[in-house]
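Q: First the structure, then my questions, so here it is.
Every read-out reported here was derived from the displayed coordinates using simple, explicitly stated rules and does not represent laboratory data. Given the structure is predicted, the values throughout are model-derived calculations rather than measurements. Positions of Cβ are backbone-derived with ideal geometry, glycine not excepted, and every protein chain shown enters the neighbour counts.
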Amino acid sequence: MATMIPNLNAEQLSKIDSYAEAKVYQSLKENLSSDYIIFFQVSWILKREEQQARDGETDFVICHPKKGFICVEVKGGGIGFDSLSDEWYSIDRKNHKNIIKNPVGQSLRAKYSILNKLYENPSWKRLNVHNVIRGHTVFFPDILNASKIARNDMPSILIGTSSDLDKIGDWTDRVFEYWHNDDSSQSPIGQSGIDIMRMTFAKSFEVKPLVSIQLQEQEQQRIQLTNDQVRILDFLQSQRRAAVRGGAGTGKTVLAVEKAKRLAIEGFKTLLTCYNRQLADHIKNVCMGIENLDVMSFHQLCHKRITKAAKVTDRDLLKEAELTYPGTDLFDIQYPAALSFSLDIISEQYDAIVCDEGQDFRDEYWLPLELLLADYDTSPFYIFFDDNQNIYSRVKVSLQLVNHIHLFLIVEILIRYIWPPITFIMVLMSLPQGLMEMKLSLLRQMV
């Protein structure tokens, strides 16, 4: 029996939206040997997107230590392709046609994207596997004859059908053999390679809780993320920009820390910042030893770059900010301004930024933070916040997700300071069960 990640039981499989994926999952699990490790519903974001390698997800990644990996895209129902419109479609039981994405293109891009994602991991680079065996394929479990839909870019040998479900081991062998193709330069992925894939795409973790002052007595306890929190992290895996709202004690800081850790482990040079100095110091201790991760409060960040700029140019950026904005607050206006000035002197930037305690950040903080991103348009940026915990009495309007009017105000503020627009996730977590409703307010239709 193959190792499935995640390992779903029959009840969990019955809740999967795609019955076709559930059938393929069950067949792979029951008919492949224990040497196989299969990742289900894998998603990712890349530090740098290319023509073939893009942010995305794939249905299955089949791995074998003595072979390599194969990306599998599954589509249920009947399948059709219109060459005139260049459109793929599925056919349901009522013979209705529904336009779908090109499954061949999806699996092809997934193959390149997963390889690129692995190369972002320093451990993969140290493994020194330059030409790992990899392939892409499609599976249509509700049709019988693959020859009718074979194409130049997807020969019938690479198309799984209902007849392959009972002999999926033979089909998998044929697919691996096709992509290996006696190329002596290709290398098996090895067990070490599979371990890195697990760390990259299916990392398990346990973290210390980081909550508000009211819950400090629980600081020494160990907790494991709830299923709801894992769902949020899984969703963020394919979102480059998001703001997550949760009430007191719902584990926002736990999520922020874990998201920052994941990004750093994946190879992103990451900044994890918050408003409170004591919280920043505590998080820094929790994250000690993690490469690619800087942890500091917002004003620690400002001070660090102001000091570094002074060593490079002898300029006193804080004094310049005071002269530029006379009579304004040192911490609210002049420090953020000095941080902005440092961008002209210090070239160091971040591939990703995670911000906790977002409700305590003034509007003046957001622009210099975003300008610290390596790619102003696409670098990952995540904000975790709760307006009800606005203990420093900061401006709340930019992060208040309550009704349509407030959503409009969010759009107004974020168009000014953060571009392209962030996708907002409104996360309402009830205690003590940790259950939640997640309302996704997708704001990408903004100008």
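Q: Ranked by Cβ crowding within 10 angstrom, fewest neighbours first, how are Leu236, Leu330 ordered?
A: Leu330, Leu236
Q: Beyond a 24 Å Cα-Cα separation, which of these cross-linked pairs lie in this structure: Lys94/Lys167; Lys203/Lys252; Lys259/Lys311; Lys284/Lys308? Mind showing how you got there, number by number?
A: Values: Lys94/Lys167 29 Å; Lys203/Lys252 19 Å; Lys259/Lys311 33 Å; Lys284/Lys308 20 Å.
Pairs exceeding the cut-off: Lys94/Lys167; Lys259/Lys311.
Q: Would you mind listing how long region 254-318 runs along its three principal axes, going by Cα atoms, in whole Å with the largest first?
A: Over region 254-318, Cα extents along the principal axes are 38, 26, 15 Å.
Q: Which of the listed residues, Gly247, Cys287, Gly358, is farthest toward the dipole's positive end in region 232-376, when Lys, Arg count +1 and Asp, Glu count -1 at the beta-carbon?
A: Looking along the dipole axis, the top candidate is Cys287.
Q: Now for a different question. Could you order peptides 61-67, 192-198, 254-260 by the average number of other Cβ atoms within 10 Å of their residues, highest first?
A: Per-residue Cβ counts within 10 Å, averaged per peptide and sorted highest first, yield 254-260, 61-67, 192-198.
Q: First measure r as the distance between the Cβ atoms of Asn9 and Ala150, then evaluate 1/(1 + (r/R0)^6) with R0 = 51 Å and state the FRET efficiency to the nearest 0.05.
A: With R0 = 51 Å, the Cβ-Cβ based efficiency is 0.90.
Q: Need one word for region 65-186: rounded, prolate or oblate. Basis is the Cα gyration tensor (sqrt eigenvalues a ≥ b ≥ c); a/c below 1.5 gives rounded, then a/b vs b/c decides. Present the calculation step by step, with values, prior to reporting the outcome.
A: On the way: a/c = 2.45, a/b = 1.75, b/c = 1.40.
Verdict is prolate for region 65-186.
Q: What's the exposure ranking of Lys111, Lys252, going from fewest to most Cβ atoms within 10 Å?
A: Lys111, Lys252
Q: Which of the lysines could a cross-linker bridge to Lys97, judged by Cα under 21 Å and excluding same-chain residues fewer than eight apart?
A: List returned: Lys75, Lys148.
Q: Select from Ile143, Gly105, Tyr119 the residue farthest towards the positive end of the dipole of region 101-144; place +1 on Cβ of Lys and Arg, -1 on Cβ of Asp and Glu, and compute about the Cα centre.
A: Working it through, the farthest residue towards the positive pole turns out to be Tyr119.
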